[in-house]
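Only one structure is covered here, and it is reproduced in the block below.
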């Protein structure tokens, strides 16, 4: 994929000012790439390989990256269209600190940070972004970088699937305010849980693990509320996949008296959730592992009241 060619074609077809162009580039890159989950769990060697991954914006083949590469990609694209920018880093003990980009748009310094607060996923979910904001502490400057309704609509014309209208939030607010027909705490809990899983399975553009994991966490927080305490998701990697790209999430529901298990895994080209038996969990955990698997098994044992 040639990112520059696609963005250039859109700019030729839609007359945008500089601020809208920079905004479009940020949304486009957030929509195209996803955070590379392996970075949090891999060896030091793998972390370095992922952190410093090179992406050719003229021929994109890899779509999972982390903060530094996001910044490099954004910088390359912005430079092509005439915008100066600077990569900034928050140093850490291992030398690979969090990176983000600050772009100069007609004298306004705007921070572009696709990963720290999951903008890369929030754009795919049609949620408002946290970043694309001034690189300043002056809160009064915020309105100056927001796009008008007309500009947002023009960005959405080409099918980027982003408008920032918080449609998911509106749905969840309606759901939580609606009375449930069936009384009983247990029924209410599982009604909400099934809503979470149904929304996950309906989302057709969740094709990478980090996006699915964030969406699941977002829905659990928004829909389950304090009942989220009874739900324990945990990521596992296939030990036979040396590149650590075969990832699943086993979800233990520890609701008093009615424990259950679910799995989030790849179905074709996207992630979905289904219920899973105790025996299938054991079979999966013969192949899929993580550093906390002993603790996870102990939690299953505790929930079911016996060793499985």
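Total residues in the range 69-95 satisfying the condition of being modelled with pLDDT under 90 and either crowded, with 19+ Cβ neighbours inside 10 Å or assigned to a loop (DSSP other than H, G, I, E, B) (or both): the figure is 5.
The condition of being out of contact with any strand residue (DSSP E or B) (no Cβ under 7 Å at 6 or more places or on another chain) and assigned by TED's automatic domain parsing to the domain that holds residue 193 does not hold for residue 246.
Residue 256 fulfils the conditions (1) out of contact with any helix residue (DSSP H, G or I) (no Cβ under 6 Å at 6 or more places or on another chain); (2) assigned to a strand (DSSP E or B) except for a single criterion, (2). When the range 39-68 is limited to residues that are in contact with a strand residue (DSSP E or B) (Cβ under 8 Å, 6 or more places away or on another chain) and in a helix (DSSP H, G or I), the one that is surrounded by the most Cβ atoms within 10 Å (Cβ to Cβ) turns out to be 67. Looking only at the range 284-294, filter to residues that are more than 23 Å from the chain's Cα centre (by Cα) and surrounded by 12 or more Cβ atoms within 10 Å (Cβ to Cβ); which one of those is nearest to residue 201 (Cα to Cα)? Per the stated criteria, the residue is 284.
Of all the criteria given as (1) under 21 Å from the mean Cα position of the chain (by Cα); (2) buried (at least 16 other Cβ atoms within 10 Å of the Cβ); (3) farther than 22 Å from residue 50 by Cβ, the one not satisfied by residue 274 is (2).
Summed over the range 250-261, the residues that are buried (at least 20 other Cβ atoms within 10 Å of the Cβ) and in contact (Cβ under 8 Å) with a residue 40 or more places away in the chain give a count of 2.
On the stretch given as the range 32-60, residues that are within 20 Å of the chain's Cα centre (by Cα) and free of Cβ contacts under 8 Å to residues at least 12 places away in the same chain total 1. Pairs meeting the criteria (first residue in the range 268-293 and more than 18 Å from residue 209 (Cβ to Cβ), second residue modelled with pLDDT of 95 or more, beta carbons under 6 Å, at least 6 apart or on different chains) are 275/262; 281/261.
The values are calculated or read from the model by the stated rules, or taken from the named source; none is laboratory data. Here the structure is a predicted model, which is why all the values come from computation and not from measurement. When we count neighbours, we look across all protein chains shown, and the Cβ atoms used for this are built from the backbone with ideal geometry, even at glycine.
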